[in-house]
1. Which pairs turn up if I take residues in segment 120-144 that are under 23 Å from residue 157 (Cα atoms) and open to solvent by 20 Å² or more (accessible area, probe 1.4 Å) and look for partners that are in a helix (DSSP H, G or I) and β-branched (Val, Ile, Thr) with beta carbon separation below 7 Å, at least 6 apart in sequence or on another chain?
2. Can you tell me which residue among 76, 111, 153 is of a type in the set (A, V, I, L, M, F, W, C) and either open to solvent by 60 Å² or more (accessible area, probe 1.4 Å) or farther than 18 Å from residue 186 by Cβ (or both)?
3. Would you mind finding the one in 284, 326, 294, 278 that is part of a loop (DSSP other than H, G, I, E, B), closer than 30 Å to residue 192 by Cα and open to solvent by less than 70 Å² (accessible area, probe 1.4 Å)?
4. Name the single residue that is farthest from residue 345 (Cα to Cα) among those in segment 164-179 being crowded, with 24+ Cβ neighbours inside 10 Å and touching a His at 6+ places or on another chain (Cβ under 8 Å).
5. Identify, from the list 90, 104, the residue that is of a type in the set (Gly, Ala, Ser) and open to solvent by less than 30 Å² (accessible area, probe 1.4 Å).
6. Looking for something assigned to a strand (DSSP E or B), within 24 Å of residue 113 (Cβ to Cβ) and either out of contact with any helix residue (DSSP H, G or I) (no Cβ under 7 Å at 6 or more places or on another chain) or at pLDDT 95 or above (or both) - is there at least one such residue anywhere in segment 255-273?
7. Which condition breaks for residue 208 when tested against (1) in a helix (DSSP H, G or I); (2) at pLDDT 95 or above; (3) more than 16 Å from the chain's Cα centre (by Cα)?
8. Could you check, for segment 156-171, whether at least one of its residues is small (Gly, Ala, Ser) and over 19 Å from the mean Cα position of the chain (by Cα)?
Amino acid sequence: MTKLIFCILIFSCMASASSHAKKRLRDYGIIAGVMKPGKNNAITDVKGVKVGHVTLIGKEDMRTGVTAILPIEKNIFENKVPAGVYVGNGFGKMAGISQIKELGNIETPIILTNTLNVAEGIAGIVEYSIRENHCYSVNAIVGETNDSRLNNIQARYVTKEDVIKAIEKAKGGPVEEGCVGAGTGTKAFGYKAGIGTSSRVLPASMGGYTVGVLVQANFGGVLQIAGTPIGQLLDNYDFKDKIQHDVDGSCMIVVITDAPVDCRNLERMAKRAILGLAQTGGIAANGSGDYALALSVADENLINSHNTKYTSTVLKNDDMSGLFLATIEATSEAIWNSLFAAEDMTGYKGHTVKAIDKERVAKLILKAQKATNLKPTYPDK
């Protein structure tokens with residue numbers, strides 16, 4: 001009976017998440033930024049990128065999961081991906097970043113989960129990599145946020161099998177958002193949040209490159225959406241009653257582009273992702289782990305482990321600004337999408353986190369945008 005209830009709960013959450021995924025920020029007619037989103041407005045708009053979720057909802061205290069991101073379709077251990085990482089605030093646990101800093105690349109899928117299941121994330125990647133790549137050692141990349149408000153985090157429900165399953169389920173196309181995968185039990189700005197994604201396509205005159213972002217949103221601040229001070233208008237923001245319980249948390253941000261960018265400029269892109277977080281009203285509070293990982297999957301720059309030398313093609317510094325703006329915009333919208341896709345959830349010890357009132361918020365934003373006669377601008381020259 002317990003197993004049946006567990007399965008029903010998972011199915012219910014996934015079905016609900018899928019229905020909400022069709023009603024994202026832009027579906028309300030809200031203008032967010034000046035750059036054009038990709039076809040799916042998701043990290044998977046970058047060719048070859050895949051995302052997989054395992055959502056764990058069961059009993060009264062299991063509200064957690066795993067999200068896997070596969071940057072390329074090739075064997076990533078044999079075709080290492082240039083990478084840069086930036087720590088906005090270091091109160092977090094992200095495995096593998098010292099090797100990224102040292103070597104400037106990654107060699108595994110990226111796993112997101114909860115704080116106390118980072119070890120299982122590593123174990124899953126290691127087992128998958130040994131099986132698939134026949135490697136003797138590997139640097140696993142695992143990020144986390146603390147979902148203990150809704151999830152009994154000390155139970156450590158995530159297993160290495162869940163991690164492997166998330167990797168194997170990964171696919172391209174539209175990405176499930178909200179309370180799925182690693183975002184099942186997370187919240188942001190005092191509201192239910194979770195996984196969110198967005199993308200931007202640079203105009204042809206700037207190379208036509210795509211930048212995709214996926215976030216695991218679980219942090220606090222004074223919410224702003226598309227320039228509208230929603231937190232203040234809804235009278236709901238951190239420190240309002242001098243209570244800090246909604247301030248601390250974390251945000252994991254993964255940025256992927258098909259532009260030929262080296263590890264140094266990828267770190268600069270990762271820094272801009274933190275600016276995108278700030279644009280939503282996030283404050284990188286003392287207890288918040290805010291990490292941004294940026295990757296370039298340009299085929300000519302993948303580092304083939306069988307070759308002793310390689311010649312890369314990279315953009316010069318002067319051509320980075322468009323990618324910076326794309327990163328900022330896609331990060332902000334990914335966070336907003338995580339809020340719009342989420343739904344009310346009750347979990348550990350009966351705690352309930354309400355979703356934001358999307359209809360009310362949309363009306364407030366549209367009213368503000370109408371007052372300024374704001375129109376979408378997608379430059380293509």
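1. 120/163; 127/164; 128/164; 128/167
2. The conditions single out 76.
3. Exactly one of 284, 326, 294, 278 is part of a loop (DSSP other than H, G, I, E, B), closer than 30 Å to residue 192 by Cα and open to solvent by less than 70 Å² (accessible area, probe 1.4 Å), namely 284.
4. The extreme case among them is 166.
5. On the way: 90 fails: open to solvent by less than 30 Å² (accessible area, probe 1.4 Å).
Only one candidate passes the filter, namely 104.
6. Yes: segment 255-273 contains one or more residues that are assigned to a strand (DSSP E or B), within 24 Å of residue 113 (Cβ to Cβ) and either out of contact with any helix residue (DSSP H, G or I) (no Cβ under 7 Å at 6 or more places or on another chain) or at pLDDT 95 or above (or both).
7. (1)
8. No, segment 156-171 contains no residue that is small (Gly, Ala, Ser) and over 19 Å from the mean Cα position of the chain (by Cα).
The values are calculated or read from the model by the stated rules, or taken from the named source; none is laboratory data. As the structure is a prediction and not an experimental result, all values here were calculated from the model. All Cβ positions, glycine included, derive from the backbone under ideal geometry; neighbour counts span all protein chains shown. The protein model used for the area step is the full one, side chains on, heavy atoms only, and it has no ligands, DNA or RNA in it. Shrake-Rupley method; radii C 1.70, N 1.55, O 1.52, S 1.80 Å.
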